[in-house]
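First the structure, in the form of structure tokens, and then the observations on it.
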Amino acid sequence: MELDGSNRRQIADSALLFDGATIVHTPIRSPNNRYVALSLDGPNGYFRGLLDLKEQTSIKIIDGGGVPHFNWTSDSENLIFYSDGKHYNYSVSEQKLTERTTIFSIGLFLLPGDKEFLAMKSDGFWIHDFNGKLKRKVTFNFPENWNIKSPIVSIDGKLVFFKTDGGPSIMAHWASIETGELLGSENARKFLKSRASPIFSDKPDTLYYWRGDTVRYFNLITRTFEDVPLHSPATWEFHSLGLRSLYNVN
């Protein structure tokens, strides 16, 4: 669907979704829009799967659970993910699964250029090279009882945005990935004026999230916003920005 909720179209039915297996974590679409990586729960337990939307086929990759933190290489040839605490690379063209050096994180992001990963930690983030070697550590020195949650990275790989709980209120923070500088910390509810969990839009400095009958674009640098009315105000996918539903978000 378009970013205003219009032009919705289904891209996968229940039969293609492994005969109706339950989607457990957010599906991640490949950069070329052909494939969708899935974490599922079926009759025999949890597993990772891949949809080929062009051929309308589905492939079971491996049994296993846990948060997958899916990442695609920019050429859509390699899917990188966790399963049962191990880290894997699945070559789409070769249909070959290889175990990787595990990068421990609470959120893993392959940065633009496919050369580095950002691994979110409980007190900051670490930068690893593509093969898993640690290059740099960033620590924010938050109070010990604060917990980092819901990290996201901008499309250009320059900003990381996340929330913390454990204090008097849930806080929203954003930082420069290049320098590690914390650029802002605000009360999340007052700052965003919404309980929604945002994602970065196609504009590098701008968050995008559902708010009532609108979607809001919020620029972190200028701290200005623009509200765009939803084409269909009752569009339920916007409660999670469409990330859990198999609808294309252009």
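Name the shape class, rounded, prolate or oblate, that the alpha-carbon gyration tensor gives for the chain, where a ≥ b ≥ c are the square roots of its eigenvalues, rounded holds for a/c under 1.5, and otherwise prolate holds if a/b is larger than b/c and oblate otherwise.
Taking the square roots of the gyration eigenvalues as a ≥ b ≥ c, the chain is oblate.
With a 10 Å cut-off between alpha carbons and a GNM built on the chain, which of K193, K137, K203 moves the most?
Looking only at K193, K137, K203, the largest GNM fluctuation is found for K193.
Sorted by average packing, counted as other Cβ atoms within 10 angstrom per residue and highest first, what order do 215-221, 174-180 take?
The densest-packed peptide leads the list: 215-221, 174-180.
Taking 0.36 nm per intervening residue step and subtracting the Cα-Cα distance, what contour gain separates D156 from N131 on full extension?
6.9 nm
Fully extended, how many nm does the chain gain between L182 and D165 (0.36 nm per residue separation, minus their Cα-Cα distance)?
Separation in residues times 0.36 nm, less the Cα-Cα distance, equals 4.4 nm.
Calculate, in nm to one decimal, what K190 and F104 gain on full extension: separation in residues at 0.36 nm each, minus their alpha carbon distance.
27.7 nm
Hey, how many Å between the Cα centroid of the stretch 30-44 and the Cα centroid of the stretch 94-108?
Using only Cα atoms to place each centre, the spacing works out to 16 Å.
Go through 107-116, 52-61 and give me the packing order, highest mean Cβ count within 10 Å leading.
The densest-packed peptide leads the list: 107-116, 52-61.
Based on DSSP H runs of at least 4 residues, each adding -39500 (n - 2.57), what is the mean residue ellipticity at 222 nm of the chain after dividing by all its residues, to the nearest 500 deg cm²/dmol?
Helix-only estimate at 222 nm: -500 deg cm²/dmol.
Read-outs throughout are calculated quantities, based only on the coordinates presented, and are distinct from any laboratory measurement. As the structure is a prediction and not an experimental result, all values here were calculated from the model. Note: ideal-geometry Cβ built from the backbone for every residue, glycine included; neighbour counts use all protein chains shown.
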